[in-house]
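See structure below.
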């Protein structure tokens, strides 16, 4: 797709030039090189360059300023800016001056290849438009231009919708499932799927699929033979394969193929695929967006796990001071999840409880030992200090920005339904539902557990007390569901 493209690489780093030259030459480009702005101008004066890959920082001329020089005499020449440091102002300035795209170093060759394909398509369309505009009297050419422009608008609109659909995927949705639905809707094919390789059986096994109008894709849809080409090597730049009226494309994450997108190739009456170039272009774009989403999710989950590890370390420190807290937090978490299941809360809310439950008493790390470990009943002043643990817990957890919502659950797990709780005297539905659930389970565990200053209460007495306090201390709906699961024999 890049064969014969005259490309000029302008960069003051010889290593960057060498790597890019080898890659572009391997893909069929005619490569020219320059290490500064003056050399680039000399090359442009002697050669008809199609694409310039231009470093922002050059030793003699700012790369963005050089765009003006290029575009004055060669408006059809595509310019792709490159830099090691992302600056939104650079991007805006470069695009205003006519740059086609902006790439960050170090380059990902898949992205570079995709960008090169796109800018060449845009350049060819621009050249065609300029040529046709020179012959306005030729109605046929003008109509052809209009069709080409309409096609380009449809392509850009499709690209915009693809980006929007991926941006709308939330952290709890299956990226692979969403990816395949986007493939099916974008390419309008009868069926498509995401497959993982079974090397022992030399087969691809369906992970998730999409069938147009709910039709039957056929008995051989769930397992298909692994093409011979992919048995040898599919680790290079994202390669596609057309075989038996199907298009195969590896999904690559951090340089490693993790599965394959397979979709039908639309045929025009015979055996020649129609609009196959467009389909593969969009298929590559979808795969690129999906791989970015998956990599971002991997980074998010890694960061999230590191944060939870830090919080667990703090909880261990609390447990060494107060052994009651360890077992208490585990019991409250398990009971809260069971109660949430009975209340049919969302999967997101269950995940919040899984995070918050084990650390809901995190703020006790800020409570002095003379109060936290006191075997007798606390005085009013001591109880006032103890109540501050919910605020301490929020303060600690809110230091981690991605846990800001969870921090609010910790802050409000001692609010009362009638608005007489602490620390903010919230009432009713103003209290987050996860806080209301934890409040009920927290109170139950406190009442049922033996403490140095009192014996634990009997189950019937606790349920009677909980019922008495519904509508005042506790959410009535949550208390009713709680009583049900206890009477159903929940094993605490």
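What to note about this one:
- Considering the conditions (1) outside any helix (DSSP H, G or I); (2) closer than 23 Å to residue 288 by Cα, residue 95 is excluded by exactly one of them, (1).
- Qualifying residue in the range 334-341 (condition: at pLDDT below 90, touching a helix residue (DSSP H, G or I) at 6+ places or on another chain (Cβ under 9 Å) and either more than 18 Å from residue 397 (Cβ to Cβ) or not assigned by TED's automatic domain parsing to the domain that holds residue 398 (or both)): no
- Qualifying positions in the range 98-130 - modelled with pLDDT under 80 and either assigned to a loop (DSSP other than H, G, I, E, B) or out of contact with any helix residue (DSSP H, G or I) (no Cβ under 8 Å at 6 or more places or on another chain) (or both): 107, 126, 127, 130
- Per-region count, the range 58-74, residues surrounded by fewer than 15 Cβ atoms within 10 Å (Cβ to Cβ) and either within 11 Å of residue 11 (Cα to Cα) or at pLDDT below 85 (or both): 3
- Hits in the range 71-91 - residues which are closer than 24 Å to residue 109 by Cβ and in contact with a strand residue (DSSP E or B) (Cβ under 9 Å, 6 or more places away or on another chain): 77, 78, 79, 80, 81, 82, 83, 84, 85, 86, 90, 91
- Test: residue 436 is assigned to a loop (DSSP other than H, G, I, E, B) and either surrounded by 12 or more Cβ atoms within 10 Å (Cβ to Cβ) or in contact with a helix residue (DSSP H, G or I) (Cβ under 9 Å, 6 or more places away or on another chain) (or both): no
- Residue 11 modelled with pLDDT of 90 or more, within 37 Å of the chain's Cα centre (by Cα), over 25 Å from residue 124 (Cβ atoms) and in the same structural domain as residue 101 (by TED's automatic domain parsing): yes
- Boolean, residue 402 is in a helix (DSSP H, G or I), touching a residue at least 60 places away in the same chain (Cβ under 8 Å) and either loosely packed, with under 14 Cβ neighbours inside 10 Å or outside the structural domain of residue 349 (by TED's automatic domain parsing) (or both): yes
- Of the residues 407, 427, 461, the single one that is over 21 Å from residue 378 (Cβ atoms) and within 34 Å of the chain's Cα centre (by Cα) is 407.
- Residue 312 modelled with pLDDT under 75 and outside the structural domain of residue 208 (by TED's automatic domain parsing): yes
- Here residue 331 fulfils each of the conditions (1) assigned by TED's automatic domain parsing to the domain that holds residue 450; (2) modelled with pLDDT under 80; (3) crowded, with 17+ Cβ neighbours inside 10 Å apart from (2).
- Residue within the range 158-168 that is under 23 Å from the mean Cα position of the chain (by Cα), at pLDDT below 80, exposed (fewer than 12 other Cβ atoms within 10 Å of the Cβ) and not in a strand (DSSP E or B) present: no
- Given (1) in contact with a helix residue (DSSP H, G or I) (Cβ under 8 Å, 6 or more places away or on another chain); (2) assigned to a loop (DSSP other than H, G, I, E, B), index of the condition residue 420 fails: (1)
- For the range 43-90, taking the residues that are part of a strand (DSSP E or B) and touching a residue at least 40 places away in the same chain (Cβ under 8 Å), the one that is nearest to the chain's Cα centre (by Cα) is identified as 82.
- Residue 145 modelled with pLDDT under 80 and assigned to a loop (DSSP other than H, G, I, E, B): no
The values are calculated or read from the model by the stated rules, or taken from the named source; none is laboratory data. Treat the numbers as computed from the prediction; the structure is a model and nothing was measured. Glycine also receives a Cβ, built like all others from the backbone with ideal geometry; neighbour counts cover every protein chain displayed.
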